[in-house]
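Read through the structure below, which is laid out as structure tokens, and then see the notes.
The values are calculated or read from the model by the stated rules, or taken from the named source; none is laboratory data. Quick caveat: nothing in here was measured; it's all calculated off a predicted structure. Here Cβ is always computed from backbone atoms with ideal geometry, including for glycine, and neighbour counts include all displayed protein chains.
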Amino acid sequence: MLNKNLNLIIVVFTIIGLSFWIGLNINLLPKEASINAPIYDELFKILFIIGLILFIGMTLIVIYSLFKFRRKKGQLGDGIALEGNLSLEILWTVIPSVVVLLVGLYSYNIYDRMGGMKELNHNHHMIDNNSEKIWAGISQKSNTQLSTNNVNIEVSAMQFAFLFNYPDGDFISGELHVPVDEEISIKMESKDVIHAFWVPEFRIKQDIIPGQPTILNFTPTRVGKYPIICAELCGPYHGGMRASIIVEELSDYEQWFNKNRKTEV
Ligand code: CUA
């Protein structure tokens, strides 16, 4: 009996150890390119490890049971009638409840650290100016800090394209260019149905809603070209609704900006 329990403990700890090793060493996500990405990936790793423990554990139990409890030669009668097992039922209720509760609290913490709990509604200056309500979005800084930002971009989404308006240069671009390591604040509005602005490398996604502007703040950390993907089923060509975000050094960005800006006549 003692030997059997010892074996069980060894197996359980091996599964947990293996899951942690795989979870911490294998990265299934695209490369990290914003300050949100490492925060998000922390949560992903934990969820991945929990998933691995369940997957490996259950697979082993199924394989073990297939061999251990298969019908033996000459065995003809019914199996034992099992009425239930109270302690087992308590165990498999309590463990998942605790896990779900902890994951819930941890997710809240991650969302808060990404700036999801910052209020974006209270920028009266912005509301008075535009006489519109702006809500939803992620920000790691408060609105007062954001108002000093010099990169001002408006995103329009429509079936089936994204357009990027640079009001300071009075031009519209089909590609989103942003300088690296600067906090970017984009204001997004849809011309027709609900779309979603998603950059997997940044680990951010925000709905774009008709008649209801949304704000999204992010800080890119890696120079490169990344896809912007519409992540809300918005019509027959939803799957083709993509654009690119080009993160570049400030000097390259300024060069691109000055090349495109409309010069006053
Ligand atoms: Cu726009 Cu899907």
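Okay, here's what the table says:
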| item | result |
| --- | --- |
| Residue match in segment 235-247 (condition: more than 10 Å from the ligand (Cβ to nearest atom), surrounded by fewer than 17 Cβ atoms within 10 Å (Cβ to Cβ) and not in a loop (DSSP other than H, G, I, E, B)) | yes |
| Members of segment 248-263 found to be under 17 Å from Asn165 (Cα atoms) and either touching a Pro at 6+ places or on another chain (Cβ under 6 Å) or not in a helix (DSSP H, G or I) (or both), listed by number | Tyr253, Arg261, Lys262, Thr263 |
| Matching entry among Phe13, Phe48 (being surrounded by 13 or more Cβ atoms within 10 Å (Cβ to Cβ), in the same structural domain as Ile95 (by TED's automatic domain parsing) and out of contact with any Lys or Arg (no Cβ under 6 Å at 6 or more places or on another chain)) | Phe48 |
| Yes/no for Phe164 being surrounded by 20 or more Cβ atoms within 10 Å (Cβ to Cβ), more than 22 Å from the chain's Cα centre (by Cα) and within 16 Å of the ligand (Cβ to nearest atom) | yes |
| Options Glu42, Glu32: the member that is in contact (Cβ under 8 Å) with a residue 60 or more places away in the chain, within 33 Å of the chain's Cα centre (by Cα) and not in a helix (DSSP H, G or I) | Glu32 |
| Qualifying residue in segment 233-254 (condition: hydroxyl-bearing (Ser, Thr, Tyr) and free of Cβ contacts under 8 Å to residues at least 24 places away in the same chain) | yes |
| So Glu175, is it surrounded by fewer than 18 Cβ atoms within 10 Å (Cβ to Cβ), at pLDDT 90 or above, away from the ligand (no atom under 16 Å from the Cβ) and acidic (Asp, Glu) | yes |
| Considering residues of segment 192-209 that are assigned to a strand (DSSP E or B) and surrounded by fewer than 23 Cβ atoms within 10 Å (Cβ to Cβ) only, the residue farthest from the ligand (Cβ to nearest atom) | Ile204 |
| Residue within segment 210-231 that is free of Cβ contacts under 8 Å to residues at least 24 places away in the same chain, in contact with a strand residue (DSSP E or B) (Cβ under 7 Å, 6 or more places away or on another chain) and within 16 Å of the ligand (Cβ to nearest atom) present | yes |
| Residue check for Ile95: farther than 30 Å from Glu183 by Cβ, modelled with pLDDT of 85 or more and assigned to a helix (DSSP H, G or I) | yes |
| Residue match in segment 181-191 (condition: assigned to a strand (DSSP E or B), in contact with a Ser or Thr (Cβ under 7 Å, 6 or more places away or on another chain), within 15 Å of the ligand (Cβ to nearest atom) and over 24 Å from Glu42 (Cα atoms)) | yes |
